[in-house]
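The values are calculated or read from the model by the stated rules, or taken from the named source; none is laboratory data. Only a predicted model underlies this, so the values are computations on that prediction, with no experimental measurement involved. Remember, those area values only see protein heavy atoms, side chains included, never the ligands or the DNA or RNA. Shrake-Rupley method; radii C 1.70, N 1.55, O 1.52, S 1.80 Å.
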Amino acid sequence: MDLLIKNGNVVTPTDTFKADIGVEGGKIVAIGSDLPKKAKDVVDAKGKYVLPGGIDPHTHMEMPFMGTTTVDDFEYGTTAAAFGGITTILDFAIQPKDKTFLDTIKLWRGKADPKVVIDYGIHLAVTNLTEDLVKEIPKVLSAGVCSFKLFMPYRKEGLMSDDGRIYSMLEESRRLGFLVQLHAENNAVLEFLIERNVAAGRLSAEYHAKSRPNFVEGEAIHRGLVLAAATGGNLYIVHMSTKEGLAELALMKAMGANVYGETCPHYLTLTDEKYLSPKGRRYIMSPPLRSKDDNEALWCGLADGTLSTVATDHCTFTNAQKDMGKDNFTKVPNGVPGTETMIPVLYSQGVGQKRISINKMVEVTSYNPAKLFGLYPRKGTLNIGSDADIVIFDPKFEMELSVKNLHSKIDYSIYEGFKVKGMPTYTFVRGKPVVYDRKFVGKKGSGKFVPRTKHQPLE
Ligand code: DUC
Ligand code: ZN
Ligand code: ZN
């Protein structure tokens with residue numbers, strides 16, 4: 001046996017039990033009590049949780065956006081992810097307007113393959129849907145890319161899809177079985193509010209949030225859900241931030257549509273008061289931070305299953321990049337880091353505060369994303385035959401989050417000074433250690449592209 005993890009508390013979405021796990025050839029080959037002690041490496045996980053590796057299904061590494069490029073490349077970004085207990089990321093390949101989907105996948109794999117230290121998959125972020133490209137979709141699915149993101153906003157940035165295109169992709173998703181991911185904000189209204197604020201000289205960071213009030217998301221989510229129900233398509237709303245959007249999703253789920261929702265740690269734990277601080281622009285992302293009421297509603301949405309996943313929208317811009325909009329919020333590149341802090345923050349604020357169980361944490365950070373994005377049962381579970389993507393999590397490990405002890409290339413943390421209790425201490429990808437007792441032992445380029453199959457609906 002290559003690796004034996006002994007005496008840990010193994011966590012699944014439905015159960016927590018004491019067991020040893022044996023690994024050979026990158027796969028889990030044994031789970032049980034008192035497995036034979038012989039292995040090339042034996043790690044004692046007594047008093048620790050043993051989790052299926054986290055899957056962060058929403059990252060933006062090396063992404064050109066708003067006149068600049070996210071600073072975490074696939075090496076820095078996946079190293080940070082590994083320290084946070086993530087073993088697979090799903091990154092958005094943004095379609096250059098003149099490129100086909102297959103060319104876009106090639107472009108993104110060219111950036112990622114030489115650098116990733118954990119496994120990764122790709123979503124296709126559609127910016128220019130043509131009839132020829134719709135015909136290309138079956139080939140994209142065969143290439144292992146089974147999810148397509150459409151943006152309702154970002155018209156000026158060249159990313160927006162109109163309702164007709166969204167409708168047609170949802171029709172195709174029903175026919176071919178893929179998942180449509182939707183960034184839901186009402187573009188016309190937010191552009192109108194931005195223009196009005198700018199004309200009145202209201203340019204500070206708080207006006208980013210004031211230009212995108214809750215209903216801007218709620219209405220767009222409603223519209224997306226109606227289109228999904230009308231077509232019978234498969235819809236996944238990314239980065240949900242509002243109680244209004246959550247209520248719309250709950251209603252459409254109750255009506256039987258195949259629709260899902262994702263939220264992010266920052267929408268669960270931070271509020272729009274951050275925009276009032278002198279460095280408020282660091283917190284500019286879209287949709288923006290909301291109120292305490294929204295935070296709590298989203299925690300409830302996770303606990304009751306309305307929301308299926310937590311992802312990070314890891315999209316890193318340095319202080320200097322954020323300063324492009326020092327005097328004008330519309331020039332601040334949108335995005336915040338998150339992939340390293342997702343599981344520690346969820347554990348401390350969710351499990352630690354009894355908002356969710358550790359089993360729910362595993363469900364929304366590993367099992368559900370694996371099912372929805374066609375990675376299951378290869379990933380997202382600790383089962384015999386699955387990839388040995390395993391995290392040892394020490395529930396007693398205390399740490400104050402700071403730019404000084406995090407691994408992204410970014411030069412600040414949105415959680416500076418935030419105290420967490422509970423940290424991943426070992427991260428194994430296909431049985432190979434990437435983080436070992438909080439030390440990096442991984443290798444650039446050792447991660448693999450994971451071709452995905454069509455999504456599996458959640459019960
Ligand atoms: N939102 C962000 O904040 N950044 C990248 C893209 C997005 O949708
Ligand atoms: Zn988005
Ligand atoms: Zn995003």
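Structure notes:
- Under 5 Å, built H, 5+ apart or other chain: amide partners of Gly338: Cys315
- Taking the range 73-372 and dividing mean pair separation by its residue count, relative contact order in percent (alpha carbons under 8 Å, at least six apart): 15
- Helical runs (DSSP H, four residues minimum) scored at -39500 (n - 2.57) apiece and divided by the length of the chain put the mean residue ellipticity at 222 nm at -8000 deg cm²/dmol.
- With all pairs of different C-alpha atoms in the average, the Kirkwood value for the hydrodynamic radius of the range 268-329 is 13.2 Å.
- 3J(HN,Hα) along the range 42-55: 10, 10, 8, 10, 4, x, 10, 8, 10, 10, x, x, x, 10 Hz, from the Karplus curve 6.51 cos²θ - 1.76 cosθ + 1.60 with θ = phi - 60°, whole Hz, x for Gly and Pro.
- Accessible solvent surface per residue of the chain, calculated while the other protein chains remain in place, 1.4 angstrom probe, Å²: 37
- Derived scalar couplings between HN and Hα for the range 384-390 equal 4, x, 7, 4, 7, 8, 9 Hz in order, rounded to whole Hz, by the Karplus curve 6.51 cos²θ - 1.76 cosθ + 1.60 (θ = phi - 60°), x for Gly and Pro.
- For Leu3, the amide hydrogen comes within under 5 Å of the amide hydrogens of Val23, Lys40, Asp41, counting only partners 5 or more places away or on other chains and with H modelled in the peptide plane.
- For the chain, Kirkwood radius (reciprocal of mean inverse C-alpha pair distance, Å): 21.9
- When all alpha carbon pairs of the range 152-200 are counted in 5 Å bins from zero, the resulting P(r) reads 5, 19, 22, 19, 14, 9, 6, 4, 2, 1 %.
- For Ser386, residues with placed amide H under 5 Å, excluding near neighbours: Ile28
- ³J(HN,Hα), Karplus 6.51/-1.76/1.60, whole Hz, each residue of the range 439-444, x for Gly, Pro: 10, 6, 10, x, 9, 4
- Carbon-plus-sulfur accessible fraction, the chain (probe radius 1.4 Å, protein heavy atoms only): 53%.
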